[in-house]
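Laboratory data are not the source of any read-out in this text; all were calculated from the coordinates shown. Everything numeric in this text was worked out from a predicted model, so none of it was measured. Here the Cβ positions follow ideal geometry from the backbone for every residue, glycine too, while neighbour counts run over all protein chains shown.
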Amino acid sequence: MSIIEEDSSWEGMLQATRSCWLATNRLLTARHVNVVDYDMLNTLHQVRGKHMFISDLAETVGLTRSGATRAIDRMVSLGLMERELSRDDRRHTIVKLTERGVRFWKTLQCEMIQVLREDMTNQLGSEELEQLLTLAQKRNSSRKKQP
């Protein structure tokens, strides 16, 4: 593959990413959350009912502590997260999903997958879609192995 063909492929990837982002952003906006909120909900869901220090959550999603605190304030006001002082060190605040937050995340995740599925199936044939899903699964598996 020539550099021109490769660049064209990467440009196609950027366009597909943009299309997916726009589709998912419309869904998030309709649910009154944004990408940062979704990332925080997703991160907390992945710790499976455990909690995280606000500072750790902020670092994981790439926010400052104050930015994370503002986002958490929104999620708390929606009843999706709750915060409490750490029992081990009362100088630290932990945050976790509420039961409502878990249900919201599960519903949102299903809707996000459906939006992406519709977006991609409208653009790709079945064989291409299968290749894309295989590559996405490989990418996801390699991310889980990283520290």
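What the table shows:
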item: Label zone at N42, where the point sits 7 Å out along the Cα-to-Cβ direction: the stretch 52-78 residues whose backbone N lies under 18 Å; result: 57-64, 68, 71-72, 75
item: Amide proton proximity set for M81, modelled H, under 5 Å, gap of 5+; result: V76, T98
item: Gaussian network model of the chain, springs between alpha carbon atoms under 10 Å - residue of K96, K106, K50 with greatest fluctuation; result: K50
item: Radius 15 Å from Cβ of L78, net charge of other residues (Lys, Arg +1; Asp, Glu -1); result: +3
item: Sequence of C20, C110 once ranked by neighbouring C-beta atoms within 10 Å, starting from the fewest; result: C110, C20
item: Under Karplus coefficients 6.51, -1.76 and 1.60, residue-wise ³J(HN,Hα) of the stretch 21-27 in Hz, glycine/proline x; result: 4, 4, 5, 6, 5, 4, 5
item: GNM flexibility winner over the chain from Q137, Q114, Q123 (Cα, springs under 10 Å); result: Q137
item: Residues with amide H under 5 Å from that of M52, placed H, sequence gap 5 or more; result: V95
item: Label-point separation, V35 to Q131 (7 Å along Cα→Cβ), nm; result: 2.7 nm
